[in-house]
Amino acid sequence: MDLLEITRRAAALAQRKGAAEAAAASYRARHVEVSWRDGRLEKVTEATTRGLGLDLYVDGRFASVSTSDLREDALDRFVEDAVALARTLAPDPHRRLPEPALYAGQAKVDLELADPSYEALDAHARLRAAEAIEAAARGVPGAQVILSVTASASDTRGESALVQSNGFEGTRTGTDFWIGAEVTVKDPDGRRPEEYAASGGRHRSAMEPPESVGRRAAERALARIGSVKGGSAAMTMAIDARAAGRIVGALFGPLAAASLQQKRSFLEGKLGEPVGSALLDVKDDPLLPRGLGSRLYDAEGLAARAFPIFEGGRLRSYYVDTYYGRKLGMAPTTARTSNLTWSPGARSQAELLASMGEGVIVTGFLGGNSNGTTGDFSLGVRGFRVRGGRIAEPVGEMNVSGNHLQLWKRLAAVGNDPYPYSAMRTPTLVFEGVQFAGT
Amino acid sequence: MTTTERTAAGGGQTEGIGYFARFGVTERMIAETLAAALSRGGEHADVFFQHRVGADLGLEDGAVNRAHASVELGVGVRVVRGDQTGYGYTEDLSLPALLACARTAAAVADGPARPGPAALHVGGRLPDRYPLARPWEDVRPEEKLPILAALNEKAFAADPRVRKVNLYLRDEAGAILVAGSDGRIVEDRQPMTLLYLSVLAEDGGRREQNGYNVAGRAGFEFYTPDRLDRVVREAVARTAILFEAGSPPAGEMPVVLAAGSSGILLHEAIGHGMEADFNRKGVSIYADRIGKRIAQPFVHIVDDAANAGARGAINVDDEGNAAGTTRLVEGGVLATYLHDAISARHYGVQPTGNGRRESYRHPPLPRMRSTYMLPGPHRTEEIIRSVKRGIYCQNFSNGQVNIGAGDFTFYVKNGFLIEDGKLTRPVKDVNIIGNGPQALERVDMVSDDLAIDEGGWTCGKDGQSVPVSQGLPTVRVSSMTVGGRGS
């Protein structure tokens, strides 16, 4: 059966069982993943999977369900039980479906989220790509100390449908294609440092040639050999574009209306205020063709549009969903980030490091956490010392710590290199005066 | 290879197709699926059925005003040839869907068909590590709601600075069924529950948030008055102390880990590195080190499936293998990796019952269960007294490790500075980083106060999350890097 029809019937079932309003979302996806290690196939996973979720608005009360058991009689009983469950809860006047007016005005653009050539890929193409990744990794200078190469190739084609009983219906289809490599090398001191590289996107053409992914992973792993712990000091910190999503995510989490309403956000009351230096300039843009986070409507059916988050360092918008928006008396924007677009700098990472002179470039985080209520953070890092404007010895087993409300004001440079393989699209970021802990 | 079985008291569970009969699953269907799985020459095949029914209740702003009910029902078919794996899964439990899945997984091999099992047979009796007094299937929401309301009230009453309380109660019921091409068939009913209380407090314009959670493979009886009181007491105390806490200094110093959830040290510093898949591939810092001394002779570390009622307890692993107590480190010497069936065959040893998976959507991997260090010869007071200037870590939120480089971290939510052998100023929000083998080598004092943490820990690997437990006696590590910025 057509996925939209399944979804309509689920919403209708919820209403028949006693929900005044309901939202139904269902998905179906085909996923194939191949991994290849040290000269042969390691693992192949292939499946077509499905699921259904319902939001039930019952007598001013709210419950939700999710299930992969779509047998008719089982679903019937399950929804009936969930409606009964909702009736036992406290009423919540803020739980209603979105204002239908917000469904209107979807952009008239083709986001090109599905690659029409998806079906044309055969299993051998994945294996050939994985094999080529390994060969390239083992072909770089110094490759004799490589202990293991795991290459992977995966793709997904997913369909979803959303029906909200007060006047929304939507469907979408998307694909994604990824290749990647993990390389482990032998350090003479007994450690076995690992690194990775990945590439992909909505269309097959977004993947780099497998050879460049394999080479990059191997070069990165080899560069970790002889890593040392640097001294404890306040230094300039550059963060590589690939790694920067970790620290940006910790800034964006507290922008959620749920965090504001629950008083767990260090960004409460900061609307219109400077939170970062003038270089912090970021839009949420759901309408980028082929974007990893692109969408015409969000999970609540709200028509998606671009809006500014930070302009010249000032906070311009929060992420407001319908429920917490009602609790706060704020108009909804959208619940979650789509794609982030950064006002890019003019310089490459190498140029930024050249003018930075001394410091550390962080290429990966390890553990640590960020306190969304206070803004305090403390994170494990690895990377390289920067000396005389150039990448010098690898460093690791170090921490950086601070508070986001100070950190972003010390944002001193932004690269021209947004990371294409994440919806956050972070460029290289440079911060001054960051506390490192090492020896 | 040293596994010991500690069988808990209790009735045991029946095996064979009991639970899954309600979904129309039959032995014949399983036998046909396994035969199709081996049709291309795989050496071993198994099917994994899962039914997991979850119920979540949430309290916010004084009212239990949200609930979520979930059902996961599906089956995964795996075919193994050497260390190669083919895997397929589906939510459709009909025979044609199972056969399609099996043929997909079979394609990992490329040879003449092998016969499926001639007959399926029920293995030995399983232990009963999660006996239930009140199974969740029989607990009505009306019984759970007053518990949340009472916790909310008590949390507000405990400290006038409390402004927001969030509560979350989850329970799970359901079962797994594993059947292998060796003909073995095992079914295990696996309950779980978790309660989380989070507190936001305000004091003179400053805000702090913290919480406490408890989890176990248990029924409604888990929530005794004592345990519920402890949840409120701990959540509020751990939040209140943050108002007095600051950041510790940056750099290397002695680290004392309090008994209990400090077991995160073992999980990250050695547990993951001892998972045999990483060693079989040669990518772990512990590869080729079995039989080598890596710690003081008083250091003994185990990974245990048999802690009755623990979140990390299992009666049987997700490959149908018996799960007992695995000794990772005995008297300071690396003893045994954590094996799944693939790695056990690779090393020519018995599986250790560590083959686990998040759900039917994933093939099994070597995973931890409940990881802890046995009591040692020192006393807690003596350990704290021995430190001139260092940090005492009490509560943790998360950790991570690089398997090959050995770098690992854990994030300390609450702790104290130790100055001249005494706990002085409270500290908070600090990441600690070390290197696995080096940190174990530097464990130079171990107390006799082992505690297994009752919290709801979840371990992530290869995109799969599984429930685990951990524990530790009070331990001193002579030096680690503390990610502070204070003085």
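Since every read-out is calculated from the coordinates, none of them should be taken as a lab result. No experiment lies behind these values; they were computed from the predicted model shown. Note that we place each Cβ from the backbone using ideal geometry, even for glycine, and neighbour counts take in every protein chain shown.
Pairs spanning more than 24 Å between alpha-carbon atoms, out of B:Lys144/B:Lys428; B:Lys154/B:Lys422; A:Lys229/B:Lys422; A:Lys263/A:Lys327; A:Lys283/A:Lys409; A:Lys43/B:Lys281: B:Lys144/B:Lys428; B:Lys154/B:Lys422; A:Lys229/B:Lys422.
The GNM of chain A, with springs linking C-alpha atoms under 10 angstrom apart, assigns the highest mean-square fluctuation among A:Ala243, A:Ala101, A:Ala331 to A:Ala101. Helical content alone sets the calculated 222 nm signal of chain A at -6000 deg cm²/dmol, taking -39,500 (n - 2.57) per DSSP H segment of four or more residues and averaging over every residue. For the stretch A:233-437, the alpha-carbon radius of gyration amounts to 1.03 times the rule-of-thumb value 2.2 N^0.38 Å expected for a compact globular protein. Counting only Cβ charges, +1 for Lys and Arg and -1 for Asp and Glu, the dipole size of the stretch A:255-313 around its Cα centre is about 140 debye. Shielding by partners for peptide A:47-60, expressed as the average number of C-beta atoms from other protein chains within 10 Å of each residue's C-beta, is 3. Its Cα gyration tensor gives the stretch B:371-476 an equivalent ellipsoid; the semi-axes, largest first and in whole Å, are 24, 16, 15.
If you wrap the stretch A:267-370 in the convex hull of its Cα atoms and look at it from every side, the mean projected area works out to 9.1 nm². All other residues with a Cβ under 13 Å from the Cβ of B:Val401 taken together, and with Lys, Arg as +1 and Asp, Glu as -1, what is their net charge? So the surrounding residues net to -1. Summarised in one figure, the compactness ratio Rg/Rh of the stretch B:250-483, Cα atoms and Kirkwood Rh, is 0.97. By the beta-carbon count within 10 Å of each Cβ, the least crowded to most crowded order of B:Ile241, A:Ile133, fewest first, is B:Ile241, A:Ile133.
Quick check on the exposure proxy: order B:His44, A:His31 from fewest to most C-beta atoms within 10 angstrom.
Details: B:His44 21, A:His31 17.
Ascending Cβ contact count within 10 Å gives the list A:His31, B:His44.
Taken over the stretch B:214-260, the alpha-carbon convex hull comes to 114 cubic angstrom per residue. Summarising the amide proton neighbourhood of A:Ala256: residues at separation of 5 or more, or on other chains, whose placed amide H is nearer than 5 Å comprise A:Tyr319.
For the stretch A:104-182, the Kirkwood hydrodynamic radius comes to 16.0 Å, computed from all pairs of different C-alpha atoms. One compactness figure for chain A is 1.09, namely its Cα radius of gyration divided by 2.2 N^0.38 Å. Taking trypsin sites (Lys or Arg not before Pro) as exposed when their DSSP state is a loop state and no more than 14 other Cβ atoms lie within 10 Å, the longest site-free interval of chain B runs over B:126-291. Restricting attention to the stretch B:3-243, close to 95% of DSSP beta bridges with both partner residues there are antiparallel.
Calculated from the alpha-carbon coordinates, the protein assembly as shown shows an Rg and a Dmax of 27.1, 75 Å respectively.
Sequentially through the stretch B:248-259, phi angles give Karplus couplings (6.51, -1.76, 1.60; θ = phi - 60°) of x, x, 8, x, 7, 6, x, 10, 9, 9, 5, 4 Hz, Gly and Pro residues having no value and appearing as x. Projected onto their three principal axes, the Cα atoms of the stretch B:3-243 cover extents of 75, 38, 36 Å, largest first.
Using the alpha-carbon positions of the stretch B:158-316, Rg (one decimal) and Dmax (whole number) come out as 21.1, 67 Å. Across the stretch A:321-439, Cα-Cα pairs more than 24 Å apart make up 38 percent of the total. Between the helical axis of A:210-223 and the longest alpha-carbon principal axis of chain A there is an angle of about 60 degrees. Annotation: Cα Rg of the stretch A:47-92 relative to the compact-globule expectation 2.2 N^0.38 Å equals 1.28. Shielding by partners for peptide B:392-404, expressed as the average number of C-beta atoms from other protein chains within 10 Å of each residue's C-beta, is 4. Cα centroids of the stretch A:382-439 and the stretch B:190-242: 36 Å apart. Report the rotationally averaged projected area of the stretch B:95-212 based on its alpha-carbon convex hull, in square nanometres. Mean projected area of the Cα convex hull: 13.7 nm².
Each Lys and Arg Cβ is given +1 and each Asp and Glu Cβ -1; about its Cα centre, the stretch B:3-243 then shows a dipole of about 280 debye.
Sorted largest first, the principal axis extents computed over the alpha-carbon atoms of chain B equal 71, 56, 37 Å. Can you give the log10 of the normalised intensity I(q)/I(0) at q = 0.09, 0.12 Å⁻¹, computed with Debye over equal Cα scatterers of the stretch B:7-133? Taken in order of the listed q values, log10 I(q)/I(0) reads -0.38, -0.60. Put in line by how crowded their Cβ is, counting other Cβ atoms within 10 Å and starting with the fewest, A:Trp178, A:Trp408 read A:Trp178, A:Trp408.
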